[in-house]
Every structure is written in structure tokens, then in C-alpha cells.
Amino acid sequence: MAASLKPEEIESFRRLLVDLDDRLRGNVDRMTDEALRRNQNEASTNLSNVPLHMADVGTENYDQEFTLGLIENEQETLKLIGEALGRVRDGHYGRCLECEQPVARARLEALPYTRYCIECARKLENPE
Ligand SMILES: [Zn+2]
């Protein structure tokens, strides 16, 4: 079983999470800007709606949707980071939300905002 984290280890993960949070926010802002600018370049007459030009469905729109997909993923990650920082504050950071056992350090290093230990993550992904 993985050992619990020492306070200084939790602190270093907290810094990592804050850093990641800052970086992702920077990315989301930049990508949102780019996606919006592209919408405006299409000279849509109705900016309140996402333009839907069936005839124009092509690489451009694909790129844009791809970017919007990335933003969604990043927002999901930001949510997980926010939750992880909440667990740092209330002293539960580094514990699996499912089985409440300490999450392996190597897993936290790879995914500092993870909610689950590897066993539970696998079980939740592939319920039998
Ligand atoms: Zn678990």
C-alpha cells in the first residue's frame, strides 16, 4: 500500500497544482480568444449564435471544433485541479475518493489532480 504524503510533499503538490492551474487558465483564455476571433472573421450577422454554415463545413470548422474540444478538456482539468486544491485545504489530498487509501506518489506526480488510486480508476473505467 502506498504511504501517506508528508506535509512538505503535499505542499510541493499544491504548488504544482497552482502552477498547472495558472498555465491552463492562460491557455483557455488564449484559445477562447482565437476561436472567437475566427467566428468574427466569418462576418456572421448574428454574433450571439454560433454560426452554422452547412455549406462551409470543412477544415476551418473542424479546426475550430477541435479547439473548442480542447477548451472543454481544459475546463474539466481545471475543475479537477480546483477540487484537488480543495482537498489540500481540508487535509484529504493524496487519498482516493473511492477507497480512501493513499494514492501512489508516482501516480500523483503524473496526475496531481487525480481523484482515484490506480485500482479504483481502472475499476471505474471498466466496471465489471
Ligand atoms: Zn481507490
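The values are calculated or read from the model by the stated rules, or taken from the named source; none is laboratory data. The model shown is predicted, which means the values in this text are computed figures rather than measured ones. Cβ: placed from backbone, ideal geometry, glycine included. Neighbour counts: every protein chain shown. Ligands, DNA and RNA are excluded from the accessible area calculation, which covers all protein heavy atoms including side chains. Shrake-Rupley method; radii C 1.70, N 1.55, O 1.52, S 1.80 Å.
Here are the numbers:
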{"quantity": "Which numbered condition Ala84 misses (of (1) under 19 Å from Val28 (Cβ atoms); (2) open to solvent by 30 Å² or more (accessible area, probe 1.4 Å); (3) within 16 Å of the ligand (Cβ to nearest atom))", "calculated": "(2)"}
{"quantity": "Candidates Tyr116, Tyr93 - the one that is within 9 Å of the ligand (Cβ to nearest atom) and crowded, with 19+ Cβ neighbours inside 10 Å", "calculated": "Tyr116"}
{"quantity": "Which numbered condition Leu52 misses (of (1) part of a helix (DSSP H, G or I); (2) modelled with pLDDT under 90)", "calculated": "(1)"}
{"quantity": "Residue count, the stretch 1-14 (criterion: assigned to a helix (DSSP H, G or I) and exposed (fewer than 11 other Cβ atoms within 10 Å of the Cβ))", "calculated": "2"}
{"quantity": "Within the stretch 96-113, considering residues that are free of Cβ contacts under 8 Å to residues at least 24 places away in the same chain and of a type in the set (A, V, I, L, M), the one nearest to the ligand (Cβ to nearest atom)", "calculated": "Leu97"}
